[in-house]
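Below: the structure, in structure tokens.
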Amino acid sequence: MQFRGRAQQVSELSDAIAVGLGALDFRQGPSDSLPAAVVADFDLDWAVCGSGVLTWSVFRIYRASLHVPGGQFDSTRPFALDLSYLRRIPAGQIVERSIDEIRRLRAPDNDTLTRWQESLATLMPDVSLGSRLVGVFDPLGAVVFYFDSRRLGEIRDPQFAEAFAAIWLDPQTRSPELRAKLLGAEGNQ
């Protein structure tokens, strides 16, 4: 019994060290390049507009970077939100939180929210330390999702694309500091 307890302590300590090391890596700054699959699908001159870390209480959740062609954000041109995770989060929790924020910011009807939730649930994977989710927003109203270096699929609905982007970019976002950093309005490092 004592061995099992120590093994569990070692495992928990290893997880804590991994999270700590991940947090150190993410303080170093954003990745200047998007995954190869994104670059292959969207052959644009991508540049980081801004980046920052989303925290909740004392927990760092992910590093977000906004990639745009030419370095200046313009919602009428393609842009990519790149989230590099600092902890494990189940797909269901990501979907639920996204829908909650869309409901708060845009208040679509329940049928629309249900449809969007089902679409997200079919695409969204569980994430862990170092996982990367990228959403590429095109001006025609689609969001193409990537997980690490793999294309997951897309949701082609202009209202969804605008509502989903609002989670990070709307002036009423829950994280105005992160929004400012993404848009390049304050120091990014």
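Restricting attention to the stretch 127-134, does a residue exist that is free of Cβ contacts under 8 Å to residues at least 40 places away in the same chain, closer than 17 Å to V68 by Cα and surrounded by 14 or more Cβ atoms within 10 Å (Cβ to Cβ)?
No, there is no match, as no residue in the stretch 127-134 is free of Cβ contacts under 8 Å to residues at least 40 places away in the same chain, closer than 17 Å to V68 by Cα and surrounded by 14 or more Cβ atoms within 10 Å (Cβ to Cβ).
Suppose the filter is among the small types (G, A, S), open to solvent by 30 Å² or more (accessible area, probe 1.4 Å), over 20 Å from R88 (Cβ atoms) and at pLDDT 85 or above; does S33 pass it?
Yes.
Take the residues of the stretch 136-149 that are open to solvent by 20 Å² or more (accessible area, probe 1.4 Å) and more than 15 Å from the chain's Cα centre (by Cα): which is modelled with the highest pLDDT?
D138
The values are calculated or read from the model by the stated rules, or taken from the named source; none is laboratory data. Model, not experiment: these values are computed from the prediction. For neighbour counting, all protein chains shown are included, and Cβ atoms are generated from backbone atoms with ideal geometry for every residue, glycine included. Accessible surface is based on the protein model in full, side chains and every heavy atom, while ligands, DNA and RNA are left aside. Shrake-Rupley method; radii C 1.70, N 1.55, O 1.52, S 1.80 Å.
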